[in-house]
Amino acid sequence: MKFVSEYRDPEAARQYAERIARMVTRPWTIMEICGGQTHAIVKYGLDALLPATLTLVHGPGCPVCVTPVEFIDKAIEVAGRPEVTFCSFGDMLRVPGTSTDLLAAKANGADVRIVYSPLDAVAAAQAHPDRQVVFFAVGFETTAPANAMAVRQAEQLGLTNFSLLVAHVLVPPAMEAILASPDNRVQGFLAAGHVCAVMGYTEYEPIASRYRVPIVVTGFEPLDILHGIALCVAQLEAGRAEVENQYARAVRREGNRSAQELIRQVFTVVPRRWRGVGEIPASGLGLQAAYAAFDAERRFGPAAAPRDEASECRAGQILRGVLKPHECPAFGTRCTPERPLGAPMVSSEGACAAYYRYRRSSPDQTVPAGAASRD
Ligand code: SF4
């Protein structure tokens, strides 16, 4: 694993941190968009290496966390039908709906299966023509191409027993919603490298210029993140607001045009409610009319109405960077991974789960400097 270890070198991390400390002359708040970046920051104690005046807040880039309550309710309703085999990534099974979750539905007899790819669900539909196979299509621009591919493959195979329950969301509208919010504190963004590997970063350029915020496309290893922070701080200190690409080894400005074309062929942009945040215009993907036959909502008509998160859960504030997980009164007491009140405590990319896993005993303290060497 020599290649990965080079991006986790503690001495190089310290040098980046010193460089950042030399640049910072006043308080700044930077949001990392992606839950994978949040977990790396918390796991390796990267924030402990930074000056106290530089605050990292955690963004909405956890697909499980932002899937709204009513979509979990719809999933449970569809999964409960006797003719349905409901396929999902494992993370979604313990996300609370209004009164229960998919894991409980499975325990009560629903045919709910964990899959690792939407193509596994297509294969299940092909193997079991007597079953209606539904795939729970959640996530950002990163998972949309594979889900589009599954629909295209089902069409080519002539499958009439395969459909998607689509709850896709898009990153740029969520960034704009955060920046336009009256309680916004974000002054710069680390954009998610894998989303940009698909979509490129031209969509971010008008946001950077309209809201005067630097946006740095950033990877996921400790040195990627510290490098991204250094680039963002340099822009903030210089009064610049541009899009920069730290993750050039994986991201091109134009992104992956084949994947984008596949998304455009199968999906269309729709308004979408985000868990804990509410509706954001043009922030989701739904199936194109030409693929309506693969739409589980049309096929089964689940009736779940829009619902809010459990009243105690502060997920909306966590996902907008207004609160940190340990500032939620339920953190680690009434809300734990075993008994989660909200999705950010369930997901492997959730900020609350990261704080619980790595900082439960001292959530408001950071891990000592040097932790970047831990695996
Ligand atoms: S700790 Fe639990 S209740 Fe609080 S915001 Fe996170 S998920 Fe919601």
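The values are calculated or read from the model by the stated rules, or taken from the named source; none is laboratory data. In this text, all values refer to a predicted model and were calculated from it rather than measured experimentally. No Cβ is skipped: glycine too gets one built from the backbone with ideal geometry, and neighbour counts run over all protein chains shown. Remember, those area values only see protein heavy atoms, side chains included, never the ligands or the DNA or RNA. Shrake-Rupley method; radii C 1.70, N 1.55, O 1.52, S 1.80 Å.
Just name one of Ser258, His168, Pro344: the one whose Cα is farthest towards the positive end of the charge dipole of the chain (beta-carbon charges, Lys/Arg +1, Asp/Glu -1).
The listed residue farthest towards the positive side: Pro344.
Using label points projected 7 Å from each Cα along Cα→Cβ, tell me how many nm separate Val4 and Asp47, to one decimal.
Once both label points are built, they end up 2.4 nm from each other.
What fraction, in whole percent, of alpha-carbon pairs in the range 22-77 exceed 19 Å separation?
46
Based on the Cβ-Cβ distance of Arg334 and Ile114, what FRET efficiency does E = 1/(1 + (r/R0)^6) give at R0 = 30 Å, to the nearest 0.05?
About 0.65, to the nearest 0.05.
Once you measure Cβ to Cβ distances between cysteines in the chain, which Cys have no partner under 4.7 Å?
Isolated Cys, the chain: Cys34, Cys87, Cys196, Cys232, Cys313, Cys328, Cys335, Cys352.
From Cα coordinates alone, what are the radius of gyration and Dmax values for the range 157-234 in angstrom?
Using the Cα atoms of the range 157-234, the pair Rg, Dmax is 16.3, 54 Å.
Compute the normalised compactness of the range 207-249: alpha-carbon radius of gyration over 2.2 N^0.38 Å, N being the residue count.
Here the answer is 1.11, to two decimals.
With every protein chain present, what accessible area does Glu279 have (1.4 Å probe, heavy atoms only), rounded to the nearest 10 Å²?
120
What FRET efficiency comes out for Arg298 versus Ser99 if R0 is 22 angstrom and r is the Cβ-Cβ distance? Round to the nearest 0.05.
0.30
At a probe radius of 1.4 Å, what is the per-residue accessible area of Phe136, in Å² to the nearest 10?
0
Taking N as the number of residues in the range 220-313, what is its Cα Rg relative to 2.2 N^0.38 Å?
Expressed relative to 2.2 N^0.38 Å, the Cα Rg reads 1.58.
In what sequence, highest mean first, do 66-72, 122-128, 283-289 appear when ranked by Cβ atoms within 10 angstrom?
66-72, 283-289, 122-128
Please give the charge dipole size of the chain, origin at the Cα centre, charges +1 on K and R Cβ atoms and -1 on D and E Cβ atoms. Round to the nearest 20 debye.
340
Could you do me a favour and compute the accessible area per residue for the chain, 1.4 Å probe, result in Å²?
Accessible area per residue, the chain: 41 Å².
Based only on the alpha carbon positions, what is the Kirkwood hydrodynamic radius of the range 42-200, in angstrom?
In the range 42-200 this quantity evaluates to 17.6 Å.
State the percent of C-alpha pairs, over all pairs in the range 272-345, separated by a distance greater than 16 angstrom.
61
Using square roots of five times the C-alpha gyration tensor eigenvalues, list the equivalent-ellipsoid semi-axes of the chain in whole Å, biggest first.
Over the Cα atoms of the chain, the semi-axes work out to 36, 23, 19 Å.
Sorted from largest down, what three extents in whole angstroms do the Cα atoms of the range 2-123 have along their principal axes?
Result, largest extent first: 63, 35, 21 Å.
Considering all projection directions equally, how large on average is the shadow of the alpha-carbon convex hull of the range 64-131, in square nanometres?
Approximately 4.4 nm², given one-decimal rounding.
If you take the beta carbon distance between Asp183 and Ala234 as r and set R0 to 35 Å, what does 1/(1 + (r/R0)^6) give as a FRET efficiency, to the nearest 0.05?
Taking R0 as 35 Å, the efficiency between Asp183 and Ala234 is 0.85.
If you look at just the Cα atoms of the range 153-291, how large are its Rg and its Dmax in Å?
That works out to 17.1, 57 Å for Rg and Dmax.
How many percent of the accessible area of the chain is carbon or sulfur, using a 1.4 Å probe?
C and S fraction of accessible area: 50 percent.
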